[in-house]
Amino acid sequence: MVRLALTAALLPAALLMAACGPAAAPPPPPTAKKEKPRPLTPAERPDVRAAYEYRCADGSTIHLTFLTDDRTAELRRAALEPPLAILKASAPGEGFIRGASRVDGTGQEISYVPAGGARQACRR
């Protein structure tokens, strides 16, 4: 009898304690997605003298951005992509070179040698 009375008295307390178990952790706050900054167009960059798109003899297109130091050209496949290569000239007016890639000229027509490829003429 004592056992029954003790069980009857402790059962509600045990149920209350079970209901008050460890609280579930709140979900983490949503993280604000940071947008990537939009790349500057060549017209917006202060270090750019000129930027041109050239169509080459094999039908491919390259984009060259000539910098104001007259010794650096950035080579791209699309205008707003990161450069595939940054070509350097030993002096203003010389050809732009990086490894096996080479660009000669800066006007309407250039000569382009891709790394591992053959020389070809490209026009604006």
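Rule-based calculations on the coordinates, nothing more; no lab input. This one's a predicted model, so the numbers in the text were calculated from it and none came from an experiment. Cβ: placed from backbone, ideal geometry, glycine included. Neighbour counts: every protein chain shown.
Report every pair of residues separated by at least 6 positions or lying on different chains whose Cβ atoms are under 9 Å apart, first residue within region 109-124 and of a type in the set (A, V, I, L, M), second assigned to a loop (DSSP other than H, G, I, E, B) and exposed (fewer than 14 other Cβ atoms within 10 Å of the Cβ).
Listed pairs, sorted by first residue: 110/124; 113/100; 113/119; 115/99; 115/100; 118/58; 121/57.
If residue 59 meets every condition in (1) assigned to a strand (DSSP E or B); (2) under 14 Å from residue 124 (Cα atoms) apart from one, which number is that one?
Residue 59 satisfies all of (1) assigned to a strand (DSSP E or B); (2) under 14 Å from residue 124 (Cα atoms) except (1).
How about region 26-42: which of its residues are of a type outside the set (A, V, I, L, M, F, W, C) and surrounded by 10 or more Cβ atoms within 10 Å (Cβ to Cβ)?
Initially, region 26-42 is screened for residues of a type outside the set (A, V, I, L, M, F, W, C), giving 26-31, 33-39, 41-42.
Within region 26-42, 39, 41, 42 meet the criteria.
Working only within region 82-121, note down all residues that are under 27 Å from the mean Cα position of the chain (by Cα) and outside any loop (DSSP other than H, G, I, E, B).
85, 86, 87, 88, 96, 97, 98, 101, 102, 103, 112, 113
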